[in-house]
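Asker: I have a structure I would like to understand better, so I am pasting it below and will then ask my questions one at a time.
The values are calculated or read from the model by the stated rules, or taken from the named source; none is laboratory data. If you're wondering where the values come from, they're calculated on a predicted model, not measured in any experiment. Note that each Cβ is placed from the backbone with ideal geometry, even for glycine, and that neighbours are counted across all protein chains shown. Remember, those area values only see protein heavy atoms, side chains included, never the ligands or the DNA or RNA. Shrake-Rupley method; radii C 1.70, N 1.55, O 1.52, S 1.80 Å.
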Amino acid sequence: MTVGQDRLVAVMRGIADNPEAFGHLYGAEQKHFNQILADLPQGASTTTIENRIVESSRAIGSYDGIRSDIIFDERFKKTQWAADFNQYASIGYGTALKFNPIADIAPAGDLVGKAIDAWVYESNKAHTAEANLEATMENAKTYEAGQNDVENIVRAWGDSRGHGIDSDWTKSFVHDGQDAYGHGRDRALLALRADR
């Protein structure tokens, strides 16, 4: 069965709503990456090696793109909750002020209402900034961890083939893998967030 990458990413995003299931798939993909490299014959061409590393790194990147989408969804939920809370807190207090039976304090009520509106605005800005910072930091951690995973897998494989983990040969494949990881991650995010 052939499935387009964007559709597959959407299905995988649905699976990611169950962290345990998604974690098992992610772990299986990493094992598959290791197995693909282990199965390469000793004399495999540079092109064959590069293609296997690029394909596997893109797949890992796609998983992490999906994880980033979850992070961004959480950010949206937090900012929306803060906006809703502040909106209803403001409305509730404003409504209470309107039931004041003493007409002489209406200007004071207006001042209090304006002060509450200012608080609501500042509070919403603070919650939004906090959620954005939290999501950005979490997203950066996910990206860095994925880059490190690709690097560690490729370096260990290069070392097992008699090339040092810091050899130029190994480093060139690490670089190819990390570029492909970034591409896979970005493509998954684009597929998931195109309409947001």
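Asker: Can you pull out the residues in the stretch 37-49 that are part of a helix (DSSP H, G or I) and surrounded by 15 or more Cβ atoms within 10 Å (Cβ to Cβ)?
Answerer: Leu37, Ile49
Asker: Further question on the same structure: Taking the stated definitions as given, is His175 open to solvent by 40 Å² or more (accessible area, probe 1.4 Å) and at pLDDT 95 or above?
Answerer: Yes; evaluated as a whole, the condition is true for this residue.
Asker: Continuing with this model, one more query. Taking Arg52 as the residue in question, decide whether it is at pLDDT 85 or above and part of a helix (DSSP H, G or I).
Answerer: Working: at pLDDT 85 or above: yes; part of a helix (DSSP H, G or I): yes.
Taking the combined requirement at face value, the residue satisfies it.
Asker: Taking the stretch 154-172 on its own, how many of its residues are open to solvent by less than 30 Å² (accessible area, probe 1.4 Å) and either in contact with a Leu (Cβ under 7 Å, 6 or more places away or on another chain) or on the phi > 0 side of the Ramachandran plot (or both)?
Answerer: 1
Asker: Which of the residues spanning the stretch 1-20 are exposed (fewer than 12 other Cβ atoms within 10 Å of the Cβ), of a type in the set (A, V, I, L, M, F, W, C) and farther than 16 Å from Arg58 by Cβ?
Answerer: Met1, Val11
Asker: For the stretch 1-51, what are the residues that are under 14 Å from Trp157 (Cβ atoms), among the polar types (S, T, N, Q) and either touching a residue at least 60 places away in the same chain (Cβ under 8 Å) or touching a strand residue (DSSP E or B) at 6+ places or on another chain (Cβ under 8 Å) (or both)?
Answerer: Gln30, Asn34, Gln42
Asker: While we're looking at this one, here's another question. If I filter the stretch 121-146 down to residues being aliphatic (A, V, I, L, M) and under 23 Å from Gly61 (Cβ atoms), which single residue comes out as modelled with the highest pLDDT?
Answerer: Ala145
Asker: Hey, another quick one. Which pairs have Cβ atoms under 6 Å, sit 6 or more apart or on different chains, and link a residue in the stretch 126-152 that is at negative phi and open to solvent by 50 Å² or more (accessible area, probe 1.4 Å) to one that is of a type outside the set (S, T, N, Q) and assigned to a helix (DSSP H, G or I)?
Answerer: Short answer, once both residue conditions are applied: His127/Ala82; Glu138/Ile71.
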